[in-house]
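Below is one structure; the comments refer to it alone.
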Amino acid sequence: MSDTVKLTLDEIHGLSLTILKNAGYGPDHCTAIADLLTTCQIDDCQSHGLFRLLMCAETMKAGKVDGHVAPVITPSDNAIVRVDARGGISLLAFHEALPHLIEKTRTHGIAAMAINRCFHFSALWPEVEQLSSAGLAAMAMVPSHSWVAPAGGTRGSLGTNPLAFSWPRQGQDPFTFDFATSAFARGEIELYRRAGKPLPDGVALDKKGNPTTDPHAAMEGAMLTFGGYKGSALSIMIELLAGPLIDDLTSLESLAYADGTSSAPYHGEIILAFDPAQFSGGRVDENDARAERLFADITGQGARLPSQRRYAARARNKARGYVEISKSLHDDLLALAR
Ligand code: NDP
Ligand code: PYC
């Protein structure tokens, strides 16, 4: 018997909606979450595609998230779009505030969205790519739960804190990267644990502070940042910009708020957008050409640009009309759908 299951693109979306509705999410949140998970799964993002439905259901079960709440956007004259998710999942807040961020970025040249009081479980690249598809450069970052030790430390102080960036390219997919500042995302460690596979070296410490390749021990101990003290400093920056700067929680505070439940991290998110037309003094075409020369120099030596694997997966999955997920995940999802 195969250990993977094929799902059509409609089945991914339908299964997501069923599970979210069963879990207790209202129609607007169901749609925002199912759209995002479908987008991620089509690109073969296994750690942040359908797998995240388990976290959505756990978060509802923990009794903390509001599955029906409407986000509230505070009007402003400056370049900050502030949206209060009011204890809902972040995605609906982002979706509703996005047109305001695009408009403010075109007005001011640079603008930011601050999402407050949201539960957050998702990949960031779909958000920055919605801005690059509007012709803007963008970056996004969030804290999570304090599972990650700072460089030189032995216990979790920092989140897995992803950083995403997208740069628009004329007539082709944008230049995008999106990664956790931990050596592995927590979701990736969970997938190793489910598959019974050991982790590579350099990803985690056990409870006693010793290096471990056992995913169980890693989840009970502390994860490590990528790139030693450099990833650690970036992760601290994300704590500050998406936490105290925007009047919201750090990963330490998010984990305390979860109070021993398996709910998604609860905190804020910051998204920055830049209008190339204004920054380049109107010389967009010349500067795009310079960016393209840089990309060509990179790919010309055999290196690949980030997101190329994802774009290839998207093209392949759309052409064949289905994605593949592990049978064990599919079994767990069917149980939630019943
Ligand atoms: P990966 O390590 O899988 O990938 C990171 C990025 O690096 C991707 O853009 C990837 O492109 C690129 N990349 C990978 N290999 C290469 C290579 N050889 N050359 C050039 N580029 C490369 O990401 P993570 O596991 O760290 O994160 C996965 C997702 O988890 C992210 O989307 C992130 O937002 C999400 N996440 C969310 C959190 C939250 O709190 N909401 C917390 C942590 C993570 P490609 O995809 O094409 O391989
Ligand atoms: O994979 O680290 C992670 C993560 C945290 C919250 C959502 N994903």
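A few notes on this one:
- Flag if residue 78 is outside the structural domain of residue 19 (by TED's automatic domain parsing), of a type outside the set (A, V, I, L, M) and within 16 Å of ligand 1 (Cβ to nearest atom): no
- Residue count for the range 24-63, restricted to those that are away from ligand 1 (no atom under 16 Å from the Cβ) and either touching a Phe, Trp or Tyr at 6+ places or on another chain (Cβ under 8 Å) or part of a loop (DSSP other than H, G, I, E, B) (or both): 6.
- Within the range 147-159, the set of residues being open to solvent by 10 Å² or more (accessible area, probe 1.4 Å), more than 12 Å from ligand 1 (Cβ to nearest atom) and within 14 Å of residue 221 (Cα to Cα) comprises 150, 153, 154, 155, 156, 157.
- The range 144-180: number of residues that are within 16 Å of ligand 2 (Cβ to nearest atom) and without any contact (Cβ under 8 Å) to a residue 24 or more places away in the chain: 0
- Only residues that are under 18 Å from residue 107 (Cβ atoms) and crowded, with 24+ Cβ neighbours inside 10 Å were counted in the range 120-136, giving 2.
- Of the candidates 68, 48, the single residue that is within 14 Å of the chain's Cα centre (by Cα) and either touching a residue at least 24 places away in the same chain (Cβ under 8 Å) or in the same structural domain as residue 320 (by TED's automatic domain parsing) (or both) is 48.
- Of the residues making up the range 72-87, those that are in a loop (DSSP other than H, G, I, E, B) and touching a helix residue (DSSP H, G or I) at 6+ places or on another chain (Cβ under 6 Å) are 79, 85.
- Number of positions in the range 214-233 that are in contact with a Gly (Cβ under 8 Å, 6 or more places away or on another chain) and open to solvent by 40 Å² or more (accessible area, probe 1.4 Å): 2
Table: residues versus (1) assigned to a helix (DSSP H, G or I); (2) within 12 Å of ligand 1 (Cβ to nearest atom); (3) more than 24 Å from the chain's Cα centre (by Cα); (4) modelled with pLDDT under 95.
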residue	(1), (2), (3), (4)
282	no, no, yes, yes
287	yes, no, yes, no
291	yes, no, yes, no
296	yes, no, yes, no
306	no, yes, no, no
311	yes, yes, no, no
316	yes, no, no, no
323	no, no, no, no
329	yes, no, no, no
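- Of the listed requirements (1) part of a strand (DSSP E or B); (2) touching a residue at least 60 places away in the same chain (Cβ under 8 Å); (3) open to solvent by 10 Å² or more (accessible area, probe 1.4 Å), residue 113 misses just one: (3).
- Figure legend. Inter-residue proximity from the range 313-324: first residues within 11 Å of residue 6 (Cα to Cα) and not assigned by TED's automatic domain parsing to the domain that holds residue 13, second residues assigned to a helix (DSSP H, G or I) and not small (Gly, Ala, Ser), beta-carbon distance below 9 Å, spacing 6+ or different chains. No pairs are indicated.
- Residues that are touching a Leu at 6+ places or on another chain (Cβ under 9 Å) and β-branched (Val, Ile, Thr) were ranked within the range 57-82; the one that is farthest from residue 334 (Cα to Cα) is 81.
- Scanning the range 56-82 for residues that are within 25 Å of residue 241 (Cα to Cα) and among the aliphatic types (A, V, I, L, M) gives 65, 70, 72, 73, 79, 80, 81.
- When each of 200, 211, 162, 168 is tested for being over 17 Å from the mean Cα position of the chain (by Cα) and surrounded by 20 or more Cβ atoms within 10 Å (Cβ to Cβ), the lone residue that passes is 168.
- The residue list 129, 190 contains one member that is in contact with a Ser or Thr (Cβ under 8 Å, 6 or more places away or on another chain), under 19 Å from residue 284 (Cα atoms) and of a type in the set (Asp, Glu), which is 129.
The values are calculated or read from the model by the stated rules, or taken from the named source; none is laboratory data. Note that the structure is predicted; figures quoted are calculated from it, not measured. Here Cβ is always computed from backbone atoms with ideal geometry, including for glycine, and neighbour counts include all displayed protein chains. Just so you know, the surface numbers come from the protein's heavy atoms only, side chains and all, with ligands and any DNA or RNA stripped out. Shrake-Rupley method; radii C 1.70, N 1.55, O 1.52, S 1.80 Å.
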